[in-house]
Amino acid sequence: MWRPGRGGATCGFPLFVITPRRGSRPYTVGGGLLGDEGRLTVRKAWILATVAVSGGVAFMMALVIGVYLVGGSVTSGVGGAGRALAKGAVPAAYRTLVEKWGNLCSAINPALLAAQLYQESGFNPRAQSAAAAQGIAQFIPGTWATHGIDGDGDGDRDVWDPNDAIPSAASYDCQLASYVKDVPGDATHNMLASYNAGAYAVIRYGGVPPYKETQNYVKTITTLAESFAAPVSRVDPSEQAAGAIYYAQKKLGTPYLWGGNGTADQGGRFDCSGLSKAAYESVGITLPRVANDQYNAGPHPRRSELLPGDLVFFSTDPNNSRAIHHVGIYVGGGYMINAPYTGAVIRFDPIDTAEYFGATRVTEDGAKALPTTV
């Protein structure tokens with residue numbers, strides 16, 4: 001349940017769990033809708049939505065034009081080593097560790113280290129896989145015995161303690177990078193390939209080896225890192241945004257259903273994350289089911305840079321994306337389409353509430369990079 005400015009239970013529910021992975025092997029328009037920011041009133045939004053029902057194609061094309069007119073001058077948010085973490089992307093309990101140890105060597109950065117931890121365990125320090133990988137960084141016992149370090153200087157090396165495991169993950173990355181430092185190509189890519197396939201394979205092939213799994217792992221982690229990094233410049237507009245909004249606006253007035261996915265047996269009803277998932281699925285992008293995982297499906301534009309189609313998120317903890325409990329689809333002018341709570345219908349609501357957390361510009365690669373589910 002969600003109400004502007006108030007706490008509430010998580011919108012959506014965990015129909016799946018993140019599968020901890022080792023390497024990638026599984027173990028268990030900046031402005032309003034078509035104008036300047038703040039000019040779209042609720043009344044105008046409803047008028048546009050009503051027009052859209054009878055003229056959906058025209059609406060969608062107008063929105064596409066609006067997005068690209070505003071987004072025409074934006075540049076990519078790709079950055080290099082030492083990039084700052086996005087607001088709240090890493091749980092506050094681990095942020096300082098990730099920022100410190102993510103700068104241990106030039107082959108890694110805090111966003112990349114965060115992406116690895118999320119991919120491995122979803123930041124769960126008690127995660128354990130069927131293959132005996134353990135802790136927040138999912139070390140197997142043999143690797144921990146060799147590469148685990150006493151990160152907090154308390155005299156022990158505890159794989160279950162993030163104060164040891166996170167520094168050990170960074171240290172292990174940097175050791176792998178040192179093994180392949182003379183190999184041509186991108187040092188970070190070669191390090192990640194070593195993590196997945198072994199340093200010998202990287203040396204043998206003179207770079208990322210021609211293994212599909214390894215190539216996918218390198219792409220997955222480098223892409224996922226974008227969702228943990230604070231953009232260094234404006235973020236590119238999404239090509240699929242207009243289609244997602246077109247889908248969502250056709251659902252206006254539909255009653256809310258907690259856990260709703262819009263299926264026939266549920267009367268076509270949705271909860272918040274069910275609506276955002278279905279909207280992007282309509283344009284070929286598969287998102288996770290739960291709002292706090294949807295936050296990691298792409299880079300994070302600033303509030304002043306929002307474009308229609310961005311997902312906007314709300315949390316009871318302004319420093320922790322894992323506490324996100326609500327998501328909506330931004331339409332411009334400070335408003336979103338969302339499924340708010342039991343007893344309400346899918347509707348337009350303002351995004352500027354006390355619990356506004358941030359936004360994600362969904363990308364196809366970003367969604368694909370998220371950990372697999374069961």
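The values are calculated or read from the model by the stated rules, or taken from the named source; none is laboratory data. In this text, all values refer to a predicted model and were calculated from it rather than measured experimentally. All Cβ positions, even for glycine, are placed from backbone atoms using ideal geometry, and neighbour counts span all protein chains on display. Accessible surface areas use protein heavy atoms only, side chains included; no ligands, DNA or RNA. Shrake-Rupley method; radii C 1.70, N 1.55, O 1.52, S 1.80 Å.
The set of residues in the stretch 103-113 that are open to solvent by less than 10 Å² (accessible area, probe 1.4 Å) and in contact with a Lys or Arg (Cβ under 9 Å, 6 or more places away or on another chain) comprises Ala107, Pro110, Ala111, Leu112. Answer yes or no: is there a residue in the stretch 278-294 that is out of contact with any helix residue (DSSP H, G or I) (no Cβ under 7 Å at 6 or more places or on another chain), in a helix (DSSP H, G or I) and of a type in the set (D, E, K, R). Checked the stretch 278-294: at least one residue is out of contact with any helix residue (DSSP H, G or I) (no Cβ under 7 Å at 6 or more places or on another chain), in a helix (DSSP H, G or I) and of a type in the set (D, E, K, R). Among the residues making up the stretch 144-194, those that are out of contact with any strand residue (DSSP E or B) (no Cβ under 9 Å at 6 or more places or on another chain) and hydroxyl-bearing (Ser, Thr, Tyr) are Thr146, Ser171, Ser178, Tyr179, Thr188, Ser194. Please find, within the stretch 316-370, the residue that is nearest to Gly268 (Cα to Cα) out of those that are open to solvent by 10 Å² or more (accessible area, probe 1.4 Å), of a type in the set (S, T, N, Q) and within 16 Å of the chain's Cα centre (by Cα). Per the stated criteria, the residue is Thr363.
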